[in-house]
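The values are calculated or read from the model by the stated rules, or taken from the named source; none is laboratory data. Because the structure is a prediction, the values reported are computed rather than measured. Reconstructed Cβ throughout: ideal geometry from the backbone, glycine too, with neighbour counts over all protein chains shown.
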Amino acid sequence: MSEQFNYDEDPLNQQRIKVLLVDDQPMIAEGIKRMLTEEEDIDLHYCQDPVKAVNLASELEPTIILQDLVLPDIDGMTLVRFYRGNDTTKDIPIIVLSSKEDPAVKKEAFQYGANDYLVKLPDQIELIARIRSHAKHYLLQLERNAAFFALREMQRQLQKTNAELERLSSLDGLTGIANRRSFDKAIEKEWKRAIRDQTSLSLILIDIDYFKPYNDTYGHLQGDECLLTVAQTLKEHATRPADLLARYGGEEFVLIAPLTCKDGAMKLADNLQNSINKLALEHQSSKVADNVTISQGISTFIPTDDMDIEDIIKFADKALYQAKELGRNRYIFYSS
């Protein structure tokens, strides 16, 4: 049998004290009910069946548990252990009620996890004082826990937001590929790694041929669409984890290809050239073809400590200039 006494049904008042009394004697429940009647902020819930006590406590989540030690079917000490082993009730203050003042029983109760010990029926003033004292500490702990978890969640959201901002700040707003800032960081990282491991590092500078006339002919919206299409097509060839395609400026792109020798870089540039030609994007204003084409400059280094990172960019730029001078729609490997 289980019954409940409620003195305030306002669920919005978070500081109300919910007391769960577990005792098989209705007379004890009635006596405690009378003691708490005038306490407007205390709600008393009564459970007569000890078998249902743990489940009821989990559902109710009381502020205080008043637990009788002598019960049929299951003793109060066992229930105290069950409360402490349950995630929902493990921190709820427990005041055990005993019929006698026995130091050995009191010691055992505290060992099992009880917070307080009263001989029933306790004095009204003492009972209310102890309920309020334990409730105050418990509610403060709940507030601290809630504030801690709120802070942790806020920090997690902030980290997530910062990570997203960092990601967005590394991308080109139009094409969605890496921007110049990302390129500068990546080339420095790969340059240092190539020095350390003494491995090849290749760089390909890519320029869309006659892009200004394209914009003049088709308009800037179509020009933006062209840049996006070319960027996404080029990106399909940056397949290895360390490869990076970035927008270098206006209609220029750059591809970092670590662990790539001259022959590998030439093969990569050839694939890039063919993929753009296969798009067959109309370009009536081009002087080299009827479709959009690209020119590419390639440089490859096995860098050493006495070399300058700007050299690999400078050589690729010179190679791109040569490709344009030789008629565009081609790739050139620069050799000093």
Original post:
Does any residue of segment 270-286 turn out to be farther than 24 Å from residue 217 by Cα, surrounded by 20 or more Cβ atoms within 10 Å (Cβ to Cβ) and not small (Gly, Ala, Ser)?
Top reply: yes
**OP:** Answer yes or no as to whether residue 242 is buried (at least 19 other Cβ atoms within 10 Å of the Cβ) and closer than 22 Å to residue 188 by Cβ.
**Re:** no
**OP:** With a cut-off of at least 3 residues that are within 27 Å of residue 170 (Cβ to Cβ) and of a type outside the set (A, V, I, L, M, F, W, C), name the strands (runs of 3 or more DSSP E) lying wholly within segment 198-312.
**Re:** 244-249, 294-301
Subject >> Every residue from segment 251-269 that is without any contact (Cβ under 8 Å) to a residue 60 or more places away in the chain and over 25 Å from residue 223 (Cα atoms) >> reply: 257, 263, 267
**OP:** Evaluate the following for residue 295: is it surrounded by 14 or more Cβ atoms within 10 Å (Cβ to Cβ), touching a Leu at 6+ places or on another chain (Cβ under 8 Å) and farther than 20 Å from residue 189 by Cβ?
**Re:** yes
Original post:
Quick one: what pairs do we get from segment 300-326, first residue among the polar types (S, T, N, Q), second assigned to a loop (DSSP other than H, G, I, E, B), C-beta under 6 Å, 6+ apart or different chains?
Top reply: 300/200
Original post:
residue 335: under 24 Å from residue 192 (Cα atoms) and surrounded by fewer than 14 Cβ atoms within 10 Å (Cβ to Cβ), yes or no?
Top reply: yes
Original post:
Which condition number in (1) surrounded by 14 or more Cβ atoms within 10 Å (Cβ to Cβ); (2) within 41 Å of the chain's Cα centre (by Cα); (3) at pLDDT below 90 is the one that residue 71 fails?
Top reply: (2)
**OP:** Could you please give the count of residues in segment 25-57 that are surrounded by 15 or more Cβ atoms within 10 Å (Cβ to Cβ), over 15 Å from residue 121 (Cβ atoms) and not β-branched (Val, Ile, Thr)?
**Re:** 10
Subject >> Hits in segment 163-215 (condition: among the charged types (D, E, K, R), under 24 Å from residue 279 (Cβ atoms) and either modelled with pLDDT under 95 or outside the structural domain of residue 255 (by TED's automatic domain parsing) (or both)) >> reply: 172
